[in-house]
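Report on one structure; see the data block that follows.
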There are 2 protein chains.
Amino acid sequence: MGKPAKKPRKGLTYADAGVNFATHDKLVTEIFRRVRSTYGPRVIEVDDGFGGLFSLENDRGLFSRNYRNPVLVACTDGVGTKLKLAFAMGKHDTVGIDCVAMSVNDMLCMGAEPLFFLDYIATGRKDLDVLLPLVGGVVEGCKQAGCALLGGETAEMPGFYPPGEYDIAGFGIGVVERKRVLKGEGIKPGDVILGLESSGLHSNGFSLVRKILARKKWKLTQHMAEFGQTLGEQLLTPTQIYARPVASALQVYNKPGAVAGIANITGGGFIDNIPRVLPPTCEAVIDTAAWTPPPVFSMLQKAGKVDAREMYQVFNMGIGMVMVTPPRHVDAIADRLEKFSHKGLPRVKTHVIGRIRTGQRQVVLQ
Amino acid sequence: MGKPAKKPRKGLTYADAGVNFATHDKLVTEIFRRVRSTYGPRVIEVDDGFGGLFSLENDRGLFSRNYRNPVLVACTDGVGTKLKLAFAMGKHDTVGIDCVAMSVNDMLCMGAEPLFFLDYIATGRKDLDVLLPLVGGVVEGCKQAGCALLGGETAEMPGFYPPGEYDIAGFGIGVVERKRVLKGEGIKPGDVILGLESSGLHSNGFSLVRKILARKKWKLTQHMAEFGQTLGEQLLTPTQIYARPVASALQVYNKPGAVAGIANITGGGFIDNIPRVLPPTCEAVIDTAAWTPPPVFSMLQKAGKVDAREMYQVFNMGIGMVMVTPPRHVDAIADRLEKFSHKGLPRVKTHVIGRIRTGQRQVVLQ
């Protein structure tokens, strides 16, 4: 083997092939400072380690005091074609929040407390002006969810993505006591369905949104009086992360059955997601007059001439998460959710939007 | 709200926008059968749950008997531009193995035992002929690694990926006893570097490979006498998963220090990865004559006129993983690794490829 190569070199190098390690290193340093701000005492830091370390702290008793029989809950999701709007607007600081929200809101449905999160970003060429706000959004999402950003991969894949474009996926791990795993088994006729307001479209239905926009030739930059912002800003509103308020509600009402089931209203809307927690002999009756969906939904429905039921199978219609509970608990739970506040986290509003009755594991819209 | 819509509908539906739920459902059913074959007794099955559940079994004592103070190790990675070769060859059944390997081999470097894995696949349109072999590869990788495929997301993102193309990323969770976390701190001058043979290029350096192929106008379909297979088949050889043999070696030699450090030779090759486990006062001297890299490396070097040192910074050069150990343990560890066998898993060959000496946290090629 010879000495380290001298420049200029005639042969191909990895940099020639589009992979830039200097930018990579700068990115890692810049990002690391922000990422570190999400660490709690359970994160074990390793310089340049091959993996992220998260202690379950059995010896210190902190974890084993709360969890006699801990079950890990793992979720993964991406942001979908909402990313195309971020590309079009050159606004990359919120889709990271969406990415965290998609996984974390799913794990809440199992009754879990988020522990940590990892992100995977793939891009054609590492561009700090894109990647720094992008990862900044992931950091913000982890703060809103109260979990550590334990690791991530930023893959440079020349020829895979056009300049300034990327895909992002997230992976969240939470924990729940085995006896408290929420599976909806305790849901019974007479239970009440409490809806937690969404912050807008969240991260689903964007393929249809983009189709409608294209058909109407609407511009993302146009100001919309009903939103008080541009169309693009409205559509890009980050997904509400329900982890902290829901944990707060579950903490107080943690007798098994006080909260009988939670469903994240994600791809498939009310129609597909609520049945995921219903026992085979129950159906959910939703009173669609119980709340007013934000104007973005009626605007899209009208513009796309979308069938009303289809709307509830694609979009969240203003309700991002539902909790099923016996009537005697609903006021207290709603109160707990609405009163919960945390720095930087939008407050959650709730509505009683329906009830459970004997039926066939389906959603009935009234 | 009206009744369910009758066909034909004039308005836009989600299917019009390129998202096909029927295909999705069929895919989920088909895949689930295979995925289930990776489950061990710690996986808690939930029908259509919002997350995957993995019990830490504190109550049954199985886990707490082995782990007094368990630390979770989390890794994420993709397959990079090796995917472009899979697309070009229409061969999708092995890159899933690569995807598992990338995360699992990383966590071994921390001394961890893999517990479970999740995959994220993004594609333009769900095509069962592509997705079934793709996920089949992930299942095979999880079996080779001895971990459960606990969940996954297959995102249909119309307009993001050309037909038949996709990106895939993986997330792996492992566990290690806190005292046994491998950080390389115990590495000292005089220690021996044991190299574990790779199965080929593994999943790094493919941007450069593709550049070389393009420059030489080589076809993936051409038969190469030195490989006894086509060029494309050789390049697509899946990454060796070292989890089971390495766990076997660590199990026997689990006194702290018997194995002082493990490095996965991934992006950045020997030059960047070995220093990640070196103490600041040690350097690694690699005797490049100690083994013969498979012909694919010399072929690429010659064709791309790639500088010799650059080769060791881009490729694994036939050594996919290195273990650092005091000389007195090396024969026994090598023996354990080479004798380990498991159904369907290629045997691992080893070479003593270098030693540790006082120096500056770098790799010296001799």
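The values are calculated or read from the model by the stated rules, or taken from the named source; none is laboratory data. Just so it is clear, the model here is predicted, and its values are computed rather than measured. All Cβ positions, even for glycine, are placed from backbone atoms using ideal geometry, and neighbour counts span all protein chains on display. Keep in mind that these areas ignore ligands, DNA and RNA; they rest on the heavy atoms of the full protein, side chains included. Shrake-Rupley method; radii C 1.70, N 1.55, O 1.52, S 1.80 Å.
Set the Cα radius of gyration of the protein assembly as shown against 2.2 N^0.38 Å, with N its number of residues, and you get 0.96. Building the convex hull from the alpha-carbon atoms of the stretch A:294-366 and averaging its projection over directions returns 6.6 nm².
Approximating the spin labels as points 7 Å out from Cα along Cα→Cβ, the B:Q251-to-A:K188 distance works out to 4.7 nm. Around the Cα centre of chain A, unit charges on the Cβ atoms of Lys, Arg, Asp and Glu (plus for the first two, minus for the last two) sum to a dipole of about 180 debye. For B:S341, which inter-copy label distances result when the label point lies 7 Å beyond Cα on the Cα-to-Cβ vector, reported in nm to one decimal and in ascending order? Listed shortest first, these distances are 6.9 nm.
Can you tell which of A:Y242, A:V95, A:C142 lies farthest toward the positive end of the dipole of chain A, using +1 and -1 charges on the Cβ of basic and acidic side chains (Lys, Arg; Asp, Glu)? Highest projection toward the positive end goes to A:V95.
With contributions of -39500 (n - 2.57) from each DSSP H run of at least four residues, the per-residue ellipticity at 222 nm computed over chain A stands at -10000 deg cm²/dmol.
The contact residues of the stretch A:188-219, meaning those that lose at least 30 Å² of 1.4 Å-probe accessible area when all protein chains sit together rather than their chain alone, are A:S207, A:L208, A:K211, A:R215. In units of the compact-protein estimate 2.2 N^0.38 Å, chain A shows a Cα radius of gyration of 1.08. Here the contact order of the stretch B:21-180, divided by its residue count and restricted to Cα pairs under 8 Å and six or more residues apart, works out to 34 percent.
Over the stretch A:103-255, the ratio between the Cα radius of gyration and 2.2 N^0.38 Å evaluates to 1.27. Within the stretch A:21-180, the percentage of alpha carbon pairs spaced more than 21 angstrom apart rounds to 46%. How far, in degrees from 0 to 90, does helix B:243-252 lean away from the longest principal axis of the Cα atoms of chain B, to the nearest 10? It is inclined by approximately 40 degrees. Entry comment: accessible area of chain B is 39 Å² per residue, from protein heavy atoms only and a probe of 1.4 Å. Subtracting the Cα-Cα distance of B:A303 and B:A225 from their residue separation scaled by 0.36 nm leaves 26.4 nm.
Accessible-area rank, largest first, for B:F117, B:F87, A:F32: A:F32, B:F87, B:F117, with all protein chains present and a 1.4 angstrom probe. Put a plus charge on the Cβ of each Lys and Arg, a minus charge on the Cβ of each Asp and Glu, and nothing anywhere else: the dipole of the protein assembly as shown about its Cα centre is then about 340 debye. Taken residue by residue and averaged, Cβ atoms of other chains lying within 10 Å of the Cβ of B:145-154 number 3. Between the Cα long axis of helix A:206-216 and the first principal axis of chain A there is an angle of about 90°, rounded to the nearest 10. Label points for A:V364 are taken 7 Å from Cα along Cα→Cβ. From this copy to the others they lie 8.1 nm apart, shortest first. Think of chain A as having a plus end and a minus end, set by charges on the Cβ of Lys, Arg, Asp and Glu; of A:F116, A:Y67, A:N264, A:N264 sits farthest toward the positive end of this dipole. Expressed in Å, the radius of gyration and Dmax of the Cα atoms of the stretch B:192-365 are 16.7, 52. Excluding ligands, DNA and RNA, what is the accessible area buried between chains B and A, summed over both sides, using a 1.4 Å probe, to the nearest 100 Å²? So the buried area, both faces added, is about 7900 Å². Given a 1.4 angstrom probe, I'd like the percentage of the accessible area of the stretch A:21-180 that is carbon and sulfur, rounded to a whole number. C and S fraction of accessible area: 47 percent. Each of A:T288, A:G344, A:T325 was placed along the dipole of the protein assembly as shown (beta-carbon charges, centred on the mean Cα), and the one lying farthest toward the positive end is A:T288. Checking the cross-link pairs B:K84/B:K143; A:K217/A:K343; A:K188/A:K211; A:K84/A:K183; A:K188/A:K305; B:K179/B:K343 against a 30 Å limit on the alpha carbon distance flags A:K217/A:K343; A:K188/A:K211; A:K84/A:K183; A:K188/A:K305; B:K179/B:K343 as lying beyond it.
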